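Let me begin by presenting the structure, written as structure tokens, before commenting on it.
Laboratory data are not the source of any read-out in this text; all were calculated from the coordinates shown. Since the model is a prediction, treat every value here as computed from it, not as a measurement. Because the Cβ atoms are built from the backbone with ideal geometry, glycine has one as well, and the counts that use them run over all protein chains shown.
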Amino acid sequence: MKSKTDSEALKHNPEAGSSNKLIGNLLRNPENTIVYVCLFYYLVMAFIAPGFFTVNNSWNILFNLMPLMIVAVGQTFVMLGAGIDLSVTSVVAMASIIGGYLLSDMTALVEPVWLRMVMGLGAMVLAGGLIGFLNGLAVTRLGMPAFMVTLTTMILFSGTAIWLTRSQNLYLLPENFVNLTYSSLLFVPYPLLIGLIVISAAWFLLNKTLFGEWLLASGMNSKTAYLSGVPVSKTLVKAYVLSGCCAAVASILYTARLETGSPVMGQHILLDVIGAVVIGGTSLFGGVGKIHWTVVGAVFMTLLDNSLNLLGLSYFLIMIVKGLVILLAALLNLMQVRKLT
Amino acid sequence: MKILRAIVRLMIRHATVVLLLAVLLSFSLLSPKFLVSSNLVNILIQSSSLAILAIGMTFVLLTAGIDLSVGSAMFVVGVVSGKLVISGLSLWWAIPLALAVGMLFGLVNAFFIVRLRIIPFIVTLATFYAGRGLGLLISETRAINLPESFLQIGSSRLLGIPMPVLILLVVLLLAHFVLSGTQFGRQVYAIGHNSDKARKAGIPVDRILIGVYLICGLCAAIGRLVALAQLGAVSPTFGYQNEFMAIAAAVLGGTSLFGGKGNILPGTLVGALLIQAIQNGLVVINADPYLYPVVTGMVIFLIVMIDSLRHKSAQKALRTKTAA
């Protein structure tokens with residue numbers, strides 16, 4: 001019946017028919033629910049939250065969004081492989097103090113500042129990758145549950161970061177590094193640029209490479225993937241390495257913005273990161289998820305934090321509302337999915 | 001030779017217990033003050049709160065669920081009971097009310113999970129935030145100091161057994177009985193194995209799940225009261241990250257995060273004792289406090305690793321047997 005009317009509409013006006021269908025599909029597509037929730041929330045807040053709909057605050061939202069989004073994109077890879085990476089917060093902390101140590105004028109290890117920058121930033125990403133590699137090896141080679149592996153590496157490395165620095169912050173980072181947040185290339189601020197590069201690279205990896213296909217297959221059903229010749233272990237290790245590297249890149253942004261290397265950096269972002277990925281719609285059980293879903297999830301979490309702060313709510317009310325809104329978003333998402341199936 | 005092999009097999013089967021003994025032994029070699037009866041009783045008392053919490057968590061994990069909100073539930077329970085006692089309510093009213101608050105938490109979780117079918121991870125993530133905020137709101141982010149009467153319960157003894165240990169024993173035996181001796185317990189395992197099949201077999205899945213989250217909330221409340229009676233104060237970071245420690249204790253004891261596998265006695269109890277023994281031992285040997293999390297993390301990592309290797313070799317043995 002429906003197809004008939006569609007085809008009739010096409011007969012009369014093919015162009016309008018296809019565009020109507022496109023819009024209808026977009027509206028009915030359950031994966032877009034969270035986008036509408038975001039838009040609706042943005043509009044409401046633009047009216048009721050003082051100072052929300054301003055240029056300054058928009059930049060603020062963008063700068064808050066970038067690091068969270070980058071960590072969440074890394075986390076998406078791990079979750080697509082039916083794992084979870086709780087150690088991202090400790091990666092942020094470790095990378096922050098390693099970067100702080102190597103970059104700081106206090107230590108001034110290497111003389112030309114640009115060389116120090118290259119070395120420091122390289123070491124940060126390398127450290128993230130190494131922790132991810134360790135997680136990946138433990139999960140795939142030793143068959144340990146991902147939750148436990150990354151929980152212990154989280155405890156271990158955040159403890160190590162605090163132990164190494166004796167809970168002292170590392171100051172005196174070079175000007176060039178601190179200015180990262182405020183300078184731009186072709187009118188695009190560096191944090192935004194880095195975020196865009198990470199998203200596009202992640203999108204490319206997931207959708208256009210064999211690795212992406214293997215990862216989805218491994219997450220969907222690791223046994224059938226293995227039997228069909230997918231190198232499941234290698235693929236999953238790569239996912240954990242990616243997650244570690246992404247967390248380290250986020251750490252660069254956090255460290256530059258706060259102008260200090262801190263061993264407790266990122267301590268409270270864990271549940272925001274996981275919340276962003278899951279609210280976006282990526283399954284905790286692997287195999288289902290997309291990069292742009294996570295981006296929208298991260299946008300939602302950031303909007304929530306920012307607007308509630310602007311509304312002048314106290315810290316504890318923000319937490320309560322945040323909890324309720326997460327539930328509501330999950331519920332809306334679910335109702336859409338159920339209506340269709 | 002035969003005996004040796006039997007011993008090795010026994011050790012592999014009870015790897016967590018062996019590891020607990022190994023931890024106890026290595027600390028006793030490092031300090032003569034560790035393996036004395038007063039310190040062992042100390043470890044028992046200190047681990048009672050975590051163990052009770054982990055017992056509740058075991059029920060949830062057995063159904064392939066997870067409860068991230070227990071730490072927040074503990075915080076709210078602590079704040080509410082503290083406020084009630086300070087405002088002059090007698091303990092005999094405050095304690096049941098606190099337990100009711102814990103169960104209410106479980107009920108809210110269960111409502112969203114069972115009726116609205118949202119996955120437990122999201123639901124309890126949300127109640128994690130909401131609970132912590134609620135606790136901070138009620139306590140006005142100030143620490144609450146409790147009256148002496150509360151502390152006296154913590155240090156009192158009944159028949160020579162310290163009160164916290166006694167409560168732990170009661171909870172432990174009750175939970176063990178429920179899980180291994182009743183229909184409810186068997187149905188919990190069935191749901192964890194495969195909830196669809198359990199539903200088709202006529203098991204009232206929804207009712208069991210509600211029961212499980214209620215038990216978890218109740219255990220969180222009891223565990224919190226036990227900890228309160230020892231600490232005497234509720235700080236704003238009270239119960240923070242306890243959910244992870246409870247999950248770690250259950251998993252160390254052999255409970256699977258994917259449901260259907262695990263037990264409370266000895267599993268979860270040994271897991272909780274293990275975590276507490278490491279932390280106590282580090283204090284006794286005067287280790288650098290900055291090293292506590294590093295060592296705890298490494299030891300838990302090692303134990304989980306040994307446990308998984310054991311499972312792996314058991315699976316391999318099974319496979320070769322069926323092949324032959």
Quiz item: Using 7 Å Cα-to-Cβ label points, what is the residue B:235/residue B:186 separation (nm, one decimal)?
Solution: 4.8
Quiz item: Taking Cα pairs under 8 Å and at least six residues apart, what relative contact order does the stretch A:51-267 come out at, in percent?
Solution: 42
Self-check item: Efficiency of FRET between residue A:114 and residue A:142 - r from beta-carbon atoms, R0 60 angstrom, step 0.05
Solution: 0.90
Quiz item: Put a dot 7 Å past each Cα toward the Cβ at residue B:286 and residue A:221; how far apart are the dots in nm?
Solution: 6.1
Self-check item: Least to most buried among A:228, A:307 (fewest other Cβ within 10 Å first)
Solution: A:228, A:307
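Charges at C-beta only: +1 for Lys and Arg, -1 for Asp and Glu. How large is the resulting dipole of the protein assembly as shown about its Cα centre, in Debye rounded to 20? Working shown, then result.
On the way: 40 positive and 20 negative charges, 501 e Å.
Using only the charged Cβ atoms, the result is roughly 2400 debye.
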Quiz item: Mind checking which of A:281, A:212, A:261 has the largest fluctuation in a GNM of chain A, springs on alpha carbons under 10 Å?
Solution: A:212
Quiz item: Cα centroid distance between the stretch B:22-48 and the stretch B:144-198, in Å?
Solution: 23
Quiz item: Using a Förster distance of 51 Å, how high is the FRET efficiency between residue B:4 and residue A:46, based on the Cβ-Cβ distance and rounded to 0.05?
Solution: 0.10
Quiz prompt | Crossing angle, helix A:113-140 versus chain A [Cα axis fit, 0-90 degrees, rounded to tens] | solution = 60
Quiz item: By how many degrees, 0 to 90 and rounded to 10, does the Cα axis of helix A:146-165 deviate from the longest principal axis of chain A?
Solution: 30
Quiz item: Placing +1 at every Lys and Arg Cβ and -1 at every Asp and Glu Cβ, with all other atoms neutral, what dipole size does the stretch A:149-287 have around its Cα centre, in debye to the nearest 20?
Solution: 340
Practice problem: Arrange the following residues from fewest to most other Cβ atoms within 10 Å of their Cβ: B:75, B:128. | Solution: B:128, B:75
Quiz item: Classify the protein assembly as shown: rounded, prolate or oblate, from the alpha-carbon gyration tensor (a ≥ b ≥ c, eigenvalue square roots; a/c under 1.5 rounded; otherwise prolate if a/b is larger than b/c)?
Solution: rounded
Self-check item: Candidates B:78, B:297, B:102: whichever shows maximal mean-square fluctuation once chain B is modelled as a Gaussian network with Cα springs under 10 Å
Solution: B:297
Quiz item: Given a cut-off of under 8 Å on Cα pairs at least six residues apart, what relative contact order in percent is computed for chain B?
Solution: 33
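Rank the residues A:33, B:268, A:54 as a footprinting-exposure proxy: fewest other Cβ atoms within 10 Å of their Cβ go first.
Going from sparsest to densest Cβ surroundings: A:54, A:33, B:268.
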Quiz item: Name the residues of the stretch A:194-214 whose amide N is less than 20 Å from a point 7 angstrom out from the Cα of residue A:184 along the C-beta direction?
Solution: A:194-200
Exercise. Positive end of the charge dipole of chain A (Lys, Arg +1 and Asp, Glu -1 on Cβ, about the Cα centre): tell me which of A:171, A:270, A:157 has its Cα farthest that way.
Key: A:270
Quiz item: For residue A:53 and residue B:143, what does the FRET efficiency come to when R0 = 30 Å and r is the distance between their Cβ atoms, rounded to the nearest 0.05?
Solution: 0.15
